[in-house]
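Beneath this line is the structure, given in C-alpha cells, with notes to follow.
The values are calculated or read from the model by the stated rules, or taken from the named source; none is laboratory data. The model shown is predicted, which means the values in this text are computed figures rather than measured ones. Note that we place each Cβ from the backbone using ideal geometry, even for glycine, and neighbour counts take in every protein chain shown.
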Amino acid sequence: QKEVEQDPGPLSVPEGAIVSLNCTYSNSAFQYFMWYRQYSRKGPELLMYTYSSGNKEDGRFTAQVDKSSKYISLFIRDSQPSDSATYLCAMTTNAGKSTFGDGTTLTVKP
Amino acid sequence: EAGVAQSPRYKIIEKRQSVAFWCNPISGHATLYWYQQILGQGPKLLIQFQNNGVVDDSQLPKDRFSAERLKGVDSTLKIQPAKLEDSAVYLCASSLEGGRLNEQYFGPGTRLTVT
C-alpha cells in the first residue's frame, strides 16, 4: 500500500464549479502538507502548504487538513479553464523527506 | 529570478545505451533534488543533495543510476545502461534549504524514451 493515496480522477467540471481534490495518507510522520499544480509538459509548482489541522485559504483555493483522519483536501472555488492541470498532493516529514501522490487531472470546460 | 534549468528537454535512446541529464538550480539554493516521474504517477525522489553532499539516495537504483553535484551548484544524473522501464520524465528541483518547509522549485524536466 502506498503511503499517499490520491483520488485518481480524471475530473471534468464546468467553469464556475467548486472542485474538491483529496488525498489520504498512512504515515503519521508526515507533518507538512502541500499541493502542487502541474501543467502539461511542465514541472510542478507549489500552490499551497500547511502544517496544522484546519483550513488555509488563498484566493479561490482552500487547503484542508484533518490529521486525525489522515486526510487532506484542496478546494477550488469558481473554477476557471486556466485551472485545468494535474494537481499533486505532497507530504513531508520533519526530516524533510517528501512523498507525492499520483495526481488528479482536472479539466474545467468553458 | 531565473528558474531551474534542465537539459536536454527530450531524449530518445535504445536500451542498454547510456544517457546524462544536466540541472542548474536557482542561484543560492543549497538543496537539489532529482525525481523520476513515470507517466500517470507522481514524482519519486531519486536523490537529494545538500550543497555537494548526498542527503538521501535510498531510492536511487545504484547499479545503473549515478548522480553528482561536484561544486555544490550544477548537477548531472546518469543512467548506464538504460532499461525500457526508465522511460519517464526526470525532474530536477531546488530549495533554499532541505528542511521540512522546503519549498521546492521544479525545472521543466527531461522526457526520456527508451526503445
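The rows are residues; the columns are (1) within 14 Å of another protein chain (Cβ to nearest Cβ); (2) crowded, with 16+ Cβ neighbours inside 10 Å; (3) under 23 Å from B:LYS11 (Cα atoms).
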{"position": "B:GLY42", "(1), (2), (3)": "yes, yes, yes"}
{"position": "B:LEU45", "(1), (2), (3)": "yes, yes, yes"}
{"position": "B:ARG64", "(1), (2), (3)": "no, no, yes"}
{"position": "B:ALA67", "(1), (2), (3)": "no, yes, yes"}
{"position": "B:LEU70", "(1), (2), (3)": "no, no, no"}
{"position": "B:LEU77", "(1), (2), (3)": "no, yes, yes"}
{"position": "B:PRO81", "(1), (2), (3)": "no, no, yes"}
{"position": "B:LEU84", "(1), (2), (3)": "no, no, yes"}
Residue within the stretch A:19-38 that is out of contact with any Pro (no Cβ under 6 Å at 6 or more places or on another chain), aliphatic (A, V, I, L, M) and closer than 28 Å to B:SER58 by Cα present: yes
Residue among B:LEU101, B:LEU70, B:LEU77 that alone is out of contact with any Lys or Arg (no Cβ under 8 Å at 6 or more places or on another chain) and modelled with pLDDT of 95 or more: B:LEU77
Residues of the stretch A:6-16 that turn out to be surrounded by 15 or more Cβ atoms within 10 Å (Cβ to Cβ) and either among the aliphatic types (A, V, I, L, M) or within 11 Å of another protein chain (Cβ to nearest Cβ) (or both), as a count: 4
2 or more residues farther than 30 Å from A:SER52 by Cα: qualifying strands (runs of 3 or more DSSP E) within the stretch B:1-100: B:5-7, B:10-13, B:19-24, B:65-68, B:75-79, B:88-95
Candidate set: the stretch B:86-114, residues that are of a type in the set (Val, Ile, Thr) and out of contact with any helix residue (DSSP H, G or I) (no Cβ under 8 Å at 6 or more places or on another chain); chosen: the one surrounded by the fewest Cβ atoms within 10 Å (Cβ to Cβ): B:THR113
Given (1) without any contact (Cβ under 8 Å) to a residue 60 or more places away in the chain; (2) under 30 Å from B:TYR10 (Cα atoms); (3) hydroxyl-bearing (Ser, Thr, Tyr); (4) within 13 Å of another protein chain (Cβ to nearest Cβ), number of the condition A:TYR51 does not satisfy: (2)
Check on B:SER58, at pLDDT below 95 and under 13 Å from B:HIS29 (Cα atoms): no
From A:SER73, A:SER98, residue being out of contact with any helix residue (DSSP H, G or I) (no Cβ under 7 Å at 6 or more places or on another chain), surrounded by 17 or more Cβ atoms within 10 Å (Cβ to Cβ), within 22 Å of B:GLN104 (Cα to Cα) and within 14 Å of chain B (Cβ to nearest Cβ): A:SER98
